[in-house]
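The values are calculated or read from the model by the stated rules, or taken from the named source; none is laboratory data. These numbers come from a predicted model, not from an experiment. Please note: Cβ atoms are built from the backbone with ideal geometry, for glycine as well, and neighbour counts cover all protein chains shown. All accessible areas refer to the heavy atoms of the entire protein, side chains included, with ligands and DNA or RNA removed. Shrake-Rupley method; radii C 1.70, N 1.55, O 1.52, S 1.80 Å.
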Amino acid sequence: MPSITLTCPVCNFTKQMDVSAIPRPGTTVTCPVCKSLFPLQTDAQGVASEAGNTPALPEENQTPPSSKPVRQRPRTLTFAFTGDAREYFGIWIVNTLLRIVTLGFYSPWAKVRKRRYFCGNTLLDGAPFDYLADPWAILKGWLVAGLFFGLYSLTSRISPLIFAAISLLFLGIFPWVVVRSRIFNLRNSTHRNIHFGFNPEYREAYRVFLGWQLLLPLTIGILGPYVFYRQSRFLVENSRYGTTPFSFHATATDYFKIFLPLLVLIPVGFGAAVGIGVGAGVGFHNEKGAAVGIVFLLFALVYLIAGIYVRTALTNLAWNSTSLGQHRFASALRVRDLLWIYLSSAVAVICTLGLLAPWAVVRMVRYRLERTTVSGVGGFDAIRASEDQQVGAGPEELVDMVGFDLGL
């Protein structure tokens with residue numbers, strides 16, 4: 001006797017029934033488990049089936065109907081920053097005062113408050129980021145890193161031998177510190193409640209942050225662009241969002257092209273500064289002080305422009321070469337914009353004795369986010385979360401104390 005499977009569309013309860021016992025089409029069926037009512041439908045052959053959950057099997061040699069896949073259009077997702085200088089000033093001034101009163105022990109809480117403010121006000125596709133680090137864990141790391149850094153500074157004055165030993169120790173553990181710091185930071189950063197993560201590839205870390213670094217003096221810095229390339233690729237390709245890894249598409253040639261203009265800019269700038277300085281010295285009736293001042297200012301200006309150019313170009317290249325799944329990032333920072341922001345912010349901060357520092361920070365963050373986009377198909381909702389173990393904050397604090405920037 002042929003039978004058919006009926007499935008409740010609410011609780012998925014299924015039951016086999018003889019075709020002869022199936023009521024006429026259009027009859028309302030009551031689920032014996034959840035008591036839900038659903039209409040019984042018939043297919044083209046007149047065989048009864050429940051409300052669309054049990055499709056009729058195709059007959060032999062019958063071609064199943066073709067279903068065209070839904071084609072999704074690429075779209076561009078934008079970053080946005082919703083914070084403002086007045087709000088951040090309140091956080092900044094409280095953090096500063098409490099750091100002074102507690103002799104620095106409030107620093108972990110100040111760090112978490114600051115990062116939570118900036119992450120919470122950074123939106124991608126309308127959803128904010130979040131920073132979940134525990135200030136107590138950071139305090140432990142801060143104490144360990146402070147002890148190490150204190151010994152490093154103290155021994156540099158009293159014992160060159162111990163100072164050299166500590167320096168070698170730090171050089172040996174530095175790649176490990178980089179990896180652990182990256183794991184801690186990304187593990188505590190989320191978007192849409194999905195954590196970022198970093199793979200603990202220590203062997204590659206020692207290769208790019210120690211092996212290639214030691215070759216730099218031997219090559220008079222010529223390998224510098226290649227070292228930047230290897231370090232950027234390592235940091236990006238071992239990062240992930242949930243279980244989806246980031247990809248890096250830049251080549252070493254792209255990095256050498258960034259540094260190539262410096263081979264012309266720095267010698268020409270230095271020569272022009274010396275020439276103008278000498279000429280000014282003659283004009284000032286051999287007042288050597290004025291000539292030295294002009295040379296210093298011009299050389300500082302060339303150094304500033306070169307530094308901003310390299311940093312801007314490296315940031316754009318890193319983001320423009322990074323993708324996540326079917327999404328590709330893009331950064332369009334401009335040197336002239338950043339030069340104006342740096343110079344005008346420096347003047348404002350100096351003239352207000354530092355009180356406009358929060359305004360300068362917010363201004364820079366907003367500009368960087370407004371010039372960064374993500375293009376691709378669909379959203380980030382399909383990315384799956386991952387399970388990672390928490391790590392200590394010691395390496396993160398040590399990286400902060402030595403001022404090493406691991407960001408893109």
Discussion item. Taking the criterion of being at pLDDT below 95, at positive phi and buried (at least 16 other Cβ atoms within 10 Å of the Cβ), would at least one residue in the range 346-361 satisfy it?
Written reply: no
Worksheet, complete the sentence: Of the conditions (1) open to solvent by less than 40 Å² (accessible area, probe 1.4 Å); (2) under 26 Å from L123 (Cβ atoms), the single one that F209 does not satisfy is (2)
Discussion item. Can you tell me how many residues within the range 119-130 are closer than 16 Å to P358 by Cα and surrounded by fewer than 19 Cβ atoms within 10 Å (Cβ to Cβ)?
Written reply: 1
Discussion item. Looking only at residues that are open to solvent by 40 Å² or more (accessible area, probe 1.4 Å) and under 15 Å from the mean Cα position of the chain (by Cα) in the range 233-262, which one is nearest to R311 (Cα to Cα)?
Written reply: R233
Discussion item. Based on this model, can you work out whether I258 counts as of a type in the set (A, V, I, L, M), closer than 21 Å to A318 by Cα and outside any helix (DSSP H, G or I)?
Written reply: no
Worksheet item: Yes or no: A137 assigned to a helix (DSSP H, G or I), assigned by the TED database to the domain that holds F198, of a type outside the set (D, E) and under 23 Å from Q213 (Cα atoms)?
Response: no
